[in-house]
Amino acid sequence: VSRAAELLPLLSALGRTPVSGQTLARKLHLSRTAVWKQIHELKAAGLPITTLSRRGYVLEGMPDFSLAALRFAGAIESWARPHYELSAVSTQVLAKQAALGGIPEGHFWVSELQTGGRGRLERVWSSGFGGLWFSLVLRPQVPPARAASIGLVAALTLSRAIEKVSGIPARLKWPNDVLVATRPKGFKKVAGFLTEMSGEVDKTDWVVLGVGLNVFNELPEELRGIAAALGDFNTKKSGAWTRGDLLAEFLKEFYAAYRVWQRTGFLLFRDAYWHQYSKPNQPCVLKTAGGELRGIACSVDASGALVLEVRRQKKTVLEGEIVL
Ligand code: BT5
């Protein structure tokens with residue numbers, strides 16, 4: 001059972017300046033022991049709370065509390081059913097368990113932090129406090145062979161939501177990475193998607209779409225060369241939007257796109273996807289299970305496959321990743 005709802009008042013009462021246990025107890029109508037116990041629990045969940053002797057508690061890198069608010073305000077699309085956590089090993093695991101148990105489409109799990117976030121092929125996904133980490137259960141009425149391109153549609157939708165809400169231009173890298181341009185030159189990854197599914201040859205049972213977007217979370221040193229967070233960018237809109245705004249905008253646009261996609265597949269999204277592409281018609285290196293391919297990224301086809309020109313020949317690739 002999630003304790004998130006009970007621990008939130010305490011968490012929201014913390015901030016960058018120290019608050020004493022006594023003040024917290026008074027504010028929240030709790031005993032000092034109860035405050036101490038809850039602080040202990042929050043720390044154990046991985047929240048960055050520091051205890052300063054004689055001064056009280058500080059919450060490092062204070063994000064917005066918009067995600068928790070969504071749960072209660074119902075400010076999101078009616079088809080979407082949020083499950084909010086302060087800390088989870090991985091929202092993907094929670095959503096998959098529920099999908100296996102037969103939960104309907106639209107339920108999603110969002111967590112302030114993940115202690116075991118994963119990317120594709122079991123790669124570690126850094127999921128610190130302050131990012132946007134969620135997993136959405138879908139039950140598309142399409143055969144599994146057609147289901148994979150939903151990741152591309154989701155990436156396209158998220159890149160647009162980022163631009164609309166934060167004013168930060170976002171671009172795509174095949175298949176489903178969202179990038180931002182950084183100075184002096186080049187792109188860094190702000191978001192990634194993990195699409196997992198189960199079904200029979202002609203019927204998809206469930207798809208769990210896992211979304212990881214760096215917002216106010218801190219990235220580990222070793223990722224800073226290739227990854228960035230939206231909160232690091234200064235724009236006219238800085239400080240005027242929350243993670244909740246991003247999530248709500250994404251869900252709204254994604255659901256509309258998802259309905260079209262179920263009827264017609266990726267075809268109708270193909271041009272928009274390519275329009276948003278980070279390096280169209282430029283040389284790239286693609287790593288695949290079978291080795292490296294060097295070529296020019298020409299387009300994506302109607303199924304979402306990447307079309308590469310390798311030594312004047314067009315090649316269609318279905319898996320792999322482009323080296324940044
Ligand atoms: C992805 O994998 O890009 C999919 C990420 C999906 C994460 C979401 S969060 C909610 C849900 N719960 C989960 O446990 N997962 C999903 P991939 O393309 O394999 O990229 C992984 C690689 O990106 C790593 O090997 C690192 O190099 C890099 N990386 C790790 N953490 C990152 C971060 N926070 N931002 C940018 N790059 C990161």
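The values are calculated or read from the model by the stated rules, or taken from the named source; none is laboratory data. Model, not experiment: these values are computed from the prediction. Don't worry about glycine lacking a Cβ; one is built from the backbone with ideal geometry, like all the others, and counts go over all protein chains shown. Quick note on the areas: whole protein, heavy atoms, side chains included, nothing else; ligands and nucleic acids left out. Shrake-Rupley method; radii C 1.70, N 1.55, O 1.52, S 1.80 Å.
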The chain - percent of accessible surface contributed by carbon and sulfur, probe 1.4 Å: 52 percent
field: Solvent exposure of the chain as accessible area per residue, Å², 1.4 Å probe
entry: 50 Å²
- request: State, as an integer percentage, the relative contact order of the range 62-196 based on alpha-carbon contacts under 8 Å between residues 6 or more apart.
  value: 17 percent
Normalised contact order of the range 1-127, rounded percent, pairs of Cα under 8 Å and 6 or more residues apart: 20 percent
message: If you filter the range 13-68 for trypsin sites (Lys or Arg not before Pro), then keep DSSP loop positions with at most 10 other Cβ within 10 Å, what is left?
response: R16, R54
Sorted peptide list for 245-258, 262-275, 118-131, criterion being average Cβ within 10 angstrom, highest first: 245-258, 118-131, 262-275
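Can you tell me how the range 81-186 classifies by the Cα gyration tensor, rounded, prolate or oblate, using a/c under 1.5 as the rounded cut?
It is oblate, given that a/c is not under 1.5 and a/b is not larger than b/c.
Once the other residues with Cβ under 10 Å from the Cβ of A45 are scored (Lys, Arg +1; Asp, Glu -1), what is the net sum?
-1
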Subset of K164/K314; K203/K252; K164/K279; K164/K315; K37/K237; K203/K287 violating a 32 Å alpha-carbon distance limit: K164/K314; K164/K315; K37/K237
query: Of all DSSP beta bridges in the chain, what percent run antiparallel (nearest 5)?
result: 85 percent
statement: Computed, not fitted: 222 nm per-residue ellipticity of the chain from DSSP H runs ≥ 4 (each -39500 (n - 2.57)), nearest 500, equal to -9000 deg cm²/dmol
message: What is the angle, in °, between the Cα long axis of helix 91-100 and the longest principal axis of the Cα atoms in the chain? Nearest 10 is fine, range 0 to 90.
response: 70 degrees
- line: Whole-Hz Karplus couplings 3J(HN,Hα) for the range 172-181, θ = phi - 60° and coefficients 6.51, -1.76, 1.60, Gly and Pro as x, run 10, 10, 5, x, 9, 9, 10, 10, 10, 6
Whole-number percent relative contact order across the range 161-235, with pairs defined as alpha carbons under 8 Å at least 6 apart: 24 percent
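Select from the range 148-194 those trypsin sites (Lys or Arg not before Pro) which occupy a DSSP coil region and have at most 16 other Cβ atoms within 10 Å, ordered by residue number.
Working: sites: R160, K164, R171, K173, K185, K188, K189; in loops: K185.
For trypsin sites (Lys or Arg not before Pro) across the range 148-194 that sit outside H, G, I, E and B with at most 16 neighbouring Cβ atoms in 10 Å, the list reads K185.
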Whether the range 210-324 is rounded, prolate or oblate, judged on the alpha carbon gyration tensor where a/c under 1.5 counts as rounded: oblate
